[in-house]
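Asker: Right, I'll just put the structure down here and ask away after.
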Amino acid sequence: MTADANKETLGFQTEAKQLLHLMIHSLYSNQEIFLRELVSNASDAIDKLRFEALSDASLLETDPQLSIRVEADKDANTLTISDNGIGMSRDEVIENLGTIAKSGTAQFLQSLTGDEKKDSQLIGQFGVGFYSAFIVADRVEVVTRRAGAAVDQAVLWESHGEAEFSIEATEKDARGTTIILHLKSDCTDFSDDWRVRSVIKKYSDHISVPVLMAKPAPAVDPDAEEGATESVAEPEFEAINEAQALWTRSRDDVSEEEYLEFYKHISNDFEPPLKWSHNKVEGKFEYTSLLYIPTRAPFDMWNREMTRGVKLYVQRTFIMDEAEQFLPMYLRFVKGVVDSNDLSLNVSREILQQDPAVDSMRSALTKRVLDMLAKMAKKKDSEDYQTFWDTFGQVLKEGPAEDMANKEKIAGLLRFATTQGDAEAQTQSLDDYIERMQEGQDKIFYVVAENYNTARNSPHLEVFHKKGIEVLLLTDRVDDWLINHMMEYKDKQFQDVARGELDLGDLSEEDKQEQEQLQKDSEALVERLKVALEARVEDVRATSRLTDSPACLVVGDHDMGAQMRRIMESAGQAVPDSKPILEINSQHPLLQKLDQEADEDRFSDLASVIFDQAHLAEGGQLEDPAGYVARLNKLLLELSH
């Protein structure tokens with residue numbers, strides 16, 4: 001079958017069309033990022049070849065020297081980027097350059113801000129970097145042959161970046177991929193050798209393989225005899241980047257700008273990281289790590305099945321992306337590189353799970369990340385840690401349940417809103433709270449609610465406001481689960497103010513006497529309420545925890561909290577049946593009026609209204625809202641007569 005007979009014209013996927021339209025018509029403010037993306041893709045293709053060649057050396061063919069070649073041609077107004085990496089088969093070309101079957105494209109389109117510069121920087125983060133070629137080119141050709149395939153099994157892909165692309169069989173002597181950009185008339189500067197060199201130096205100096213460009217032609221000798229002819233020699237190529245893995249260099253030899261560009265390369269993130277740590281370990285196990293704390297969250301951070309982890313190299317040979325074995329799940333936002341001298345070159349994900357060297361490295365790398373965060377948190381004048389917390393705090397809250405060895409260290413990094421503040425922002429640490437604890441206070445008090453306003457206005461806080469005792473306001477969905485796994489911090493136990501009987505420790509001697517008297521004075525009312533609400537409550541009791549509200553609902557000591565119950569129910573999980581305890585403020589005028597009510601039917605209606613209002617005050621949903629409204633309307637009508 002001839003190459004022409006193999007030619008097909010195919011339509012782009014809908015989302016790819018949207019993306020191409022954006023590239024062609026909108027993103028002009030930072031055109032040069034296309035070169036960073038294409039060189040980065042070429043580097044990745046070489047890394048993949050290195051990895052596959054570990055088990056099949058024949059893939060290197062007769063060309064073991066790996067490099068990227070960039071050629072600018074002013075006369076043809078083209079720019080060509082070639083690599084001798086893994087290459088692509090026909091099916092891979094269609095999948096990678098035509099259909100974009102990844103969710104990243106849709107997420108990219110949803111994340112656009114309208115700010116051209118910011119939007120252009122989003123390109124790499126969502127894995128759609130190849131399409132940036134159409135920012136500067138009105139026609140793109142891709143010639144590629146997968147390593148190990150025959151010379152005549154190469155593929156030519158071509159598109160003007162509109163509705164369709166063509167694909168056909170061709171021949172290519174060397175494995176790898178060549179991308180030819182036919183530049184737009186207003187982008188001719190990218191056919192200039194010096195312009196291209198400066199962009200590559202700016203964005204790609206850290207690439208660990210040589211990026212080659214032709215050496216500048218020697219100046220013409222003005223004294224040469226007129227009419228003398230010289231043979232046109234093949235251009236010599238030279239590396240224009242360091243071509244040394246950045247993490248293998250001494251920290252003193254790497255500039256801040258190089259660290260930042262390398263971060264962009266491995267993360268595809270356009271914002272600089274908050275902090276990084278570059279470290280070489282020697283001893284029983286030898287390895288080098290370069291770890292970054294990002295500023296912004298990846299779009300799929302809440303998908304626990306997301307690809308995550310660091311890039312793994314063994315003796316400077318790329319092994320795999322997203323080696324998740326080296327950091328726990330709650331640190332899934334960390335980006336970076338680990339290069340080990342102790343692992344086998346043919347290591348697999350399965351082998352990593354059983355290797356004692358990995359366990360040791362995981363423990364050390366986890367500690368290093370937590371230490372980085374702790375240093376950030378100690379800087380009182382720095383906003384970096386608060387930025388980190390606002391972005392990744394809920395992920396870090398997963399840590400105490402997953403990492404018992406570092407539970408105390410993680411707890412020290414947590415931040416909360418409290419009753420001492422007047423804003424929703426989570427800025428207070430547990431150490432801050434303990435510093436402010438009152439004399440005799442031996443517990444860390446907290447309240448869990450669906451949102452900040454519900455927590456802040458919870459009736460359970462009334463006695464704490466009265467006594468000036470600080471309470472943590474927990475409103476994240478993960479909070480109830482978090483506290484259940486922490487139990488205590490620095491020998492201070494956590495106490496849910498809405499669970500069990502009120503116990504203020506050494507602060508509560510007066511309260512105990514007051515409580516005993518309240519219970520004695522309220523016995524008759526409590527018994528009537530137990531009868532009226534028998535089907536809805538576990539118990540009724542008088543309390544001194546309320547100062548303004550008539551009643552509140554309390555969870556039993558061993559019952560599931562309301563927030564955890566809601567989470568499990570929303571996830572379709574069965575939850576054990578339990579009834580709340582109704583605590584009443586018998587000094588409240590409404591309860592005193594209720595105590596005097598002789599009509600038992602009316603007493604029952606009033607009791608139900610008080611119960612429902614207590615349920616609403618803690619952010620709950622009524623099981624029978626229509627019944628509540630009917631009872632309330634009935635009582636209002638009675639009052640109007």
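Asker: For residues that are touching a strand residue (DSSP E or B) at 6+ places or on another chain (Cβ under 7 Å) and part of a helix (DSSP H, G or I), tally how many sit in segment 510-556.
Answerer: Count: 5.
Asker: List pairs: first in segment 576-599 and within 24 Å of Glu638 (Cα to Cα), second among the small types (Gly, Ala, Ser) and surrounded by fewer than 17 Cβ atoms within 10 Å (Cβ to Cβ), Cβ under 8 Å, 6+ apart or cross-chain?
Answerer: From segment 576-599, the pairs are Asp595/Ala524.
Asker: Here is a further query. Of (1) over 19 Å from Asp557 (Cα atoms); (2) touching a helix residue (DSSP H, G or I) at 6+ places or on another chain (Cβ under 7 Å); (3) crowded, with 16+ Cβ neighbours inside 10 Å, Gln428 satisfies all except one. Which?
Answerer: Every condition holds for Gln428 apart from (2).
Asker: When you check Leu373 against the structure, is it surrounded by 15 or more Cβ atoms within 10 Å (Cβ to Cβ), over 30 Å from Arg296 (Cα atoms) and either out of contact with any Cys (no Cβ under 7 Å at 6 or more places or on another chain) or basic (Lys, Arg) (or both), yes or no?
Answerer: For Leu373, the condition - surrounded by 15 or more Cβ atoms within 10 Å (Cβ to Cβ), over 30 Å from Arg296 (Cα atoms) and either out of contact with any Cys (no Cβ under 7 Å at 6 or more places or on another chain) or basic (Lys, Arg) (or both) - is not met.
Table: residues versus (1) modelled with pLDDT of 90 or more; (2) under 18 Å from Arg541 (Cα atoms).
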{"residue": "Lys467", "(1), (2)": "no, no"}
{"residue": "Glu470", "(1), (2)": "yes, no"}
{"residue": "Asn484", "(1), (2)": "no, no"}
{"residue": "Gln495", "(1), (2)": "yes, no"}
{"residue": "Arg499", "(1), (2)": "no, yes"}
{"residue": "Asp503", "(1), (2)": "no, yes"}
{"residue": "Glu510", "(1), (2)": "no, no"}
{"residue": "Gln513", "(1), (2)": "no, yes"}
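Asker: Follow-up question, since we're still on this one. Any residue at all in segment 539-551 that's closer than 23 Å to Asp480 by Cβ, surrounded by fewer than 19 Cβ atoms within 10 Å (Cβ to Cβ) and either touching a helix residue (DSSP H, G or I) at 6+ places or on another chain (Cβ under 9 Å) or not aliphatic (A, V, I, L, M) (or both)?
Answerer: Checking segment 539-551: at least one residue is closer than 23 Å to Asp480 by Cβ, surrounded by fewer than 19 Cβ atoms within 10 Å (Cβ to Cβ) and either touching a helix residue (DSSP H, G or I) at 6+ places or on another chain (Cβ under 9 Å) or not aliphatic (A, V, I, L, M) (or both).
Asker: Do we find a residue being touching a residue at least 12 places away in the same chain (Cβ under 8 Å), touching a Ser or Thr at 6+ places or on another chain (Cβ under 9 Å), farther than 26 Å from Glu402 by Cα and not in a strand (DSSP E or B) anywhere in segment 317-330?
Answerer: No, because not a single residue in segment 317-330 is touching a residue at least 12 places away in the same chain (Cβ under 8 Å), touching a Ser or Thr at 6+ places or on another chain (Cβ under 9 Å), farther than 26 Å from Glu402 by Cα and not in a strand (DSSP E or B).
Asker: Looking at Gln110, is it modelled with pLDDT under 90 and surrounded by fewer than 17 Cβ atoms within 10 Å (Cβ to Cβ)?
Answerer: When the stated conditions are applied, Gln110 passes them.
Asker: To continue, here is another question. Picking from Ser289, Ser360, Ser340, which residue would you name as being at pLDDT 85 or above, surrounded by fewer than 17 Cβ atoms within 10 Å (Cβ to Cβ) and closer than 28 Å to Asp252 by Cβ?
Answerer: Every option except Ser360 fails the conditions.
Asker: Condition (residue is over 30 Å from Asp605 (Cα atoms) and of a type outside the set (A, V, I, L, M, F, W, C)) applied to segment 514-522: is it met by at least one residue?
Answerer: No, segment 514-522 has no match at all.
Asker: Something else: For segment 334-357, name all the residues that are among the polar types (S, T, N, Q) and under 11 Å from Ala323 (Cα atoms).
Answerer: Passing the criteria: Ser348, Gln353.
Asker: Now a separate question. In segment 170-180, what residues are part of a strand (DSSP E or B) and over 17 Å from Lys48 (Cβ atoms)?
Answerer: Thr170, Ile180
Asker: Which of the numbered conditions does Thr62 fail, given that it passes all the others? Conditions: (1) of a type in the set (Val, Ile, Thr); (2) surrounded by fewer than 19 Cβ atoms within 10 Å (Cβ to Cβ); (3) touching a residue at least 60 places away in the same chain (Cβ under 8 Å).
Answerer: (3)
Asker: Now for a separate question. Answer yes if at least one residue in segment 250-265 is among the β-branched types (Val, Ile, Thr), assigned to a loop (DSSP other than H, G, I, E, B) and under 13 Å from the mean Cα position of the chain (by Cα), and no otherwise.
Answerer: Taking every residue of segment 250-265 in turn, none turns out to be among the β-branched types (Val, Ile, Thr), assigned to a loop (DSSP other than H, G, I, E, B) and under 13 Å from the mean Cα position of the chain (by Cα).
Asker: Taking Gln18 as the residue in question, decide whether it is in a helix (DSSP H, G or I) and either under 27 Å from Asp186 (Cβ atoms) or at pLDDT below 90 (or both).
Answerer: yes
Asker: Hey, another quick one. Please go through segment 331-344 and pick out each residue that is closer than 22 Å to Leu274 by Cα and assigned to a loop (DSSP other than H, G, I, E, B).
Answerer: The answer is Arg332, Phe333, Val334.
Asker: Just to check your reading of the model, which residue among Val497, Val478 is surrounded by 18 or more Cβ atoms within 10 Å (Cβ to Cβ), touching a residue at least 12 places away in the same chain (Cβ under 8 Å) and among the β-branched types (Val, Ile, Thr)?
Answerer: After ruling out the rest, the residue left standing is Val497.
Every residue, every condition in (1) among the aromatic types (Phe, Trp, Tyr); (2) within 25 Å of Lys280 (Cβ to Cβ), yes or no:
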residue	(1), (2)
Asn341	no, yes
Val347	no, yes
Gln354	no, no
Ser360	no, yes
Tyr385	yes, no
Phe392	yes, no
Leu414	no, no
Gly440	no, no
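Asker: Right, next: Could you run through segment 613-641 and say how many residues are surrounded by 14 or more Cβ atoms within 10 Å (Cβ to Cβ) and of a type in the set (Asp, Glu)?
Answerer: 1
Asker: Consider only pairs whose beta carbons are under 7 Å apart and that are at least six residues apart or on different chains; among these, list those whose first residue lies in segment 443-470 and is within 16 Å of Glu501 (Cβ to Cβ) and whose second residue is among the acidic types (Asp, Glu) and part of a strand (DSSP E or B).
Answerer: Partner pairs satisfying both residue conditions: none exist.
Asker: Then there is this: Given (1) exposed (fewer than 14 other Cβ atoms within 10 Å of the Cβ); (2) more than 24 Å from Leu461 (Cα to Cα), identify the lone condition not met by Val395.
Answerer: For Val395, the exception is condition (1).
Residue-by-condition table, conditions (1) at pLDDT 95 or above; (2) more than 17 Å from Glu32 (Cα to Cα); (3) part of a loop (DSSP other than H, G, I, E, B):
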| position | (1), (2), (3) |
| --- | --- |
| Ala133 | no, no, no |
| Val143 | yes, yes, no |
| Val155 | yes, yes, no |
| His182 | yes, no, no |
| Asp186 | no, no, yes |
| Trp194 | no, no, no |
| Lys202 | no, no, no |
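Asker: Are any of the residues in segment 158-169 within 21 Å of Val70 (Cα to Cα), among the small types (Gly, Ala, Ser), part of a loop (DSSP other than H, G, I, E, B) and in the same structural domain as Asp44 (by TED's automatic domain parsing)?
Answerer: no
The values are calculated or read from the model by the stated rules, or taken from the named source; none is laboratory data. Quantities reported herein were computed from a predicted structural model and do not represent experimental measurements. So basically every Cβ, Gly included, is an ideal-geometry build from the backbone, and we count neighbours across all protein chains shown.
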